[in-house]
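Below is one structure, written out as structure tokens; the observations come after it.
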Amino acid sequence: MAQHRSGDRMVMENGLDSVDHHEHDHDHADDGTIELREEEVSVEKVFQHKLVPSWRNQLTLRAFAVSLALSILFTFIVMKLNLTVGIIPSLNVSAGLLGFFFVKTWTKFLEGSGMLKQPFTRQENTVIQTCVVASSGIAFSGGFGSYLFGMSKRVADQTSDSSDFKDPKLGWMIAFLFVVSFLGLFSVVPLRKIMVIDFKLTYPSGTATAHLINSFHTPQGAKLAKKQVKTLGKFFSFSFLWGFFQWFYTATDQCGFQAFPSLGLKAYQNRFYFDFSATYIGVGMICPYIINISVLLGGILSWGLMWPLIKNREGDWYAKGLGDGSLHGIQGYRVFLAIAMILGDGLYNFFKVLIHTFLGLYTQFRNKRESVLPVADQDSPLPPQQSYDDQRRTQLFLKDQIPTWFAVGGYVAIAAISTATLPHIFHQLKWYYMIVIYLIAPTLAFCNSYGSGLTDWSLASTYGKLAIFTIGAWAGSSHGGVLAGLAACGVMMNIVSTASDLMQDFKTGYLTLASPRSMFVSQVIGTAMGCVVSPCVFWIFYKAFPDLGTPNSEYPAPNAMVFRNMAILGVEGFKSLPKHCLLLCYILFGSAIAINMIKDFLGKRGRYIPLPMAMAIPFYLGPYFAIDMCVGSLILFVWEKLNKAKANAFGPAVASGLICGDGIWTLPSSILALAGVKPPICMKFLSRATNARVDTFLGN
């Protein structure tokens with residue numbers, strides 16, 4: 001989803017060092033000074049005396065052992081965020097940092113005992129980061145908080161179409177992911193040289209991650225990394241213990257946590273309150289300020305304007321059909337108004353990135369001296385103006401080729417297996433739907449990868465929503481169009497998401513001298529891990545929390561309801577909307593587009609304008625998490641004012657520690673829930689008026 005990349009931009013701003021900018025100083029210095037500055041800022045000259053291991057030696061057993069452990073940790077974190085707020089921040093920094101710490105500690109121990117056979121390199125660090133992000137990314141693209149869980153009876157029973165459902169089972173979820181998650185990897189492999197070297201796309205997230213990994217493996221960077229890891233560990237421990245404290249002293253009606261009284265701003269069972277959630281505070285520290293402010297404004301708008309307006313005008317058309325919690329009641333307004341804003345923002349950014357893509361391609365072709373576009377297996381002559389870093393990186397990037405025939409053959413083979421398999425998992429998804437999807441998908445994967453390289457904005461969920469409407473309408477309501485649309489969304493999302501992620505990793509590998517082959521193998525192994533780990537982690541949540549996916553539960557899974565209702569809307573049309581909801585949807589849809597247009601028109605001055613996508617989340621979920629996220633932003637803001645250098649260096653570590661500690665606590669809490677263990681102390685905070693009534697009833 002679009003939010004997924006917002007955190008990446010924050011990481012880039014906080015973690016990117018000033019390198020490779022020496023060209024701008026050439027006109028103001030003599031030759032000796034230029035050479036000295038190049039020596040000072042050149043990354044590869046720092047590492048020129050270190051041997052670059054072969055691509056096979058970059059793939060070590062210890063790297064994948066660490067990757068598996070971190071994958072399980074990050075999958076719990078991503079799954080928890082998926083099933084609560086639906087905002088997934090970038091965890092690349094945490095993956096790279098923890099991977100560095102674990103392997104560095106292990107190699108130090110072996111080195112002291114004289115048993116170290118292979119030193120720890122930045123290429124191996126890149127392999128770990130790639131594997132971890134690929135694995136935990138399946139928790140997002142696998143749809144456990146969106147399209148896949150939206151197929152379940154739990155979600156279907158809350159909608160206007162409860163007849164078409166498929167409950168989660170470990171077997172079919174794992175099989176589904178295995179036959180769709182690898183296609184995106186093969187779809188863009190032949191384009192890696194064009195995207196990274198010929199077009200010189202920036203891929204900001206991949207670039208930022210590479211600079212971080214490069215800095216870790218310098219003496220000064222290693223020293224800072226150790227301090228960052230210690231900071232992360234301290235806040236990890238605090239967050240984990242705080243999670244236990246929250247569970248032990250549970251305060252709610254059904255023993256679901258609300259640590260402190262709400263501020264009394266009630267809006268249809270959604271309250272503004274600050275519950276000291278370490279996860280949301282950490283997310284708030286990683287996400288850009290504008291994301292957190294947008295969420296808060298969305299919460300204020302949903303509480304202050306929409307719900308009182310709908311609720312209080314009894315007898316008016318607003319109040320018609322609001323008696324129950326179904327989609328023809330208040331729930332319908334909440335869900336479809338959120339969908340309207342999400343679609344407006346998503347479609348605007350889709351066409352914006354698409355235009356950027358086509359304009360960028362046109363410029364590339366126009367400026368190309370050769371009449372034929374180079375392909376992956378051809379060598380490009382190195383231009384004389386290339387820097388030392390670029391020459392070395394290009395040379396090693398082109399050294400280990402991945403044959404085009406292998407990529408094309410792999411895509412065709414997996415597509416054939418998938419086309420034969422998926423109709424047995426979802427009988428509503430016909431084989432000819434699959435053929436159409438697989439013919440179109442490589443083009444869309446290229447567009448998403450190219451657009452991500454330009455803007456750092458992955459539109460995987462938008463492409464998935466297009467598949468929902470297209471395949472759902474094609475199938476029709478009488479032939480299981482809802483499930484067909486959701487399943488098609490999963491196929492498309494997995495292809496375009498993994499394609500852009502792989503190209504980001506190729507950029508990271510290019511800048512750290514990691515081989516394209518090791519990047520590809522690491523991505524494949526990480527994806528395979530994710531296809532098993534993510535369903536298992538989701539299964540723990542699904543079995544441990546029987547109210548998973550219901551609006552007022554601890555894990556409401558807001559995007560599951562949103563995606564399900566998009567599928568219903570695509571199949572049934574506007575007749576599925578509650579009375580007069582369409583008018584409000586038009587207003588919010590147009591407002592989302594207008595806000596984006598104003599934001600782009602103002603340029604840098606528009607950075608203070610809120611983002612409609614983030615504003616839409618509280619419309620369905622409620623504003624309860626907005627204050628937590630804004631507290632995280634406030635902490636970071638004050639820290640930056642007091643000491644910007646320390647905030648930039650240790651802010652991501654603090655945020656990661658808070659998220660990781662609280663996230664990993666979900667594992668023991670889920671086990672306790674499965675075992676039927678209840679919190680020993682269960683509290684409830686009552687208002688003064690309610691307390692007075694209770695005292696009267698008790699005769700006090």
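The values are calculated or read from the model by the stated rules, or taken from the named source; none is laboratory data. This one's a predicted model, so the numbers in the text were calculated from it and none came from an experiment. Every residue, glycine among them, receives a Cβ derived from its backbone with ideal geometry; neighbour counts consider all protein chains shown. Surface areas here come from the heavy atoms of the whole protein model, side chains and all, with no ligands, DNA or RNA. Shrake-Rupley method; radii C 1.70, N 1.55, O 1.52, S 1.80 Å.
Worth pointing out:
- Sequence of L483, L301, L224 when ordered by accessible area, the most exposed leading, probe 1.4 angstrom: L224, L301, L483
- With contacts taken as Cα pairs under 8 Å and at least 6 residues apart, segment 138-230 reaches a relative contact order of 12 percent.
- Here the accessible area of segment 83-205 is 64 percent carbon and sulfur, with a 1.4 angstrom probe and all protein chains present.
- With protein chains left intact and a 1.4 Å probe, residues in segment 403-543 average 29 Å² of accessible area per residue.
- Summarising the label geometry, the points placed 7 Å from Cα in the beta-carbon direction at N367 and K230 lie 4.6 nm from one another.
- Using the 1.4 Å probe convention, the accessible area of segment 554-687 works out to 43 Å² per residue with neighbouring protein chains retained.
- Within the accessible area of segment 478-579, the carbon and sulfur atoms contribute 60%, probe 1.4 Å, all protein chains present.
- Here's the list of lysines a cross-link from K575 could span, going by alpha-carbon distance under 25 Å and ignoring same-chain residues fewer than 8 apart: K153, K166, K311, K320, K465.
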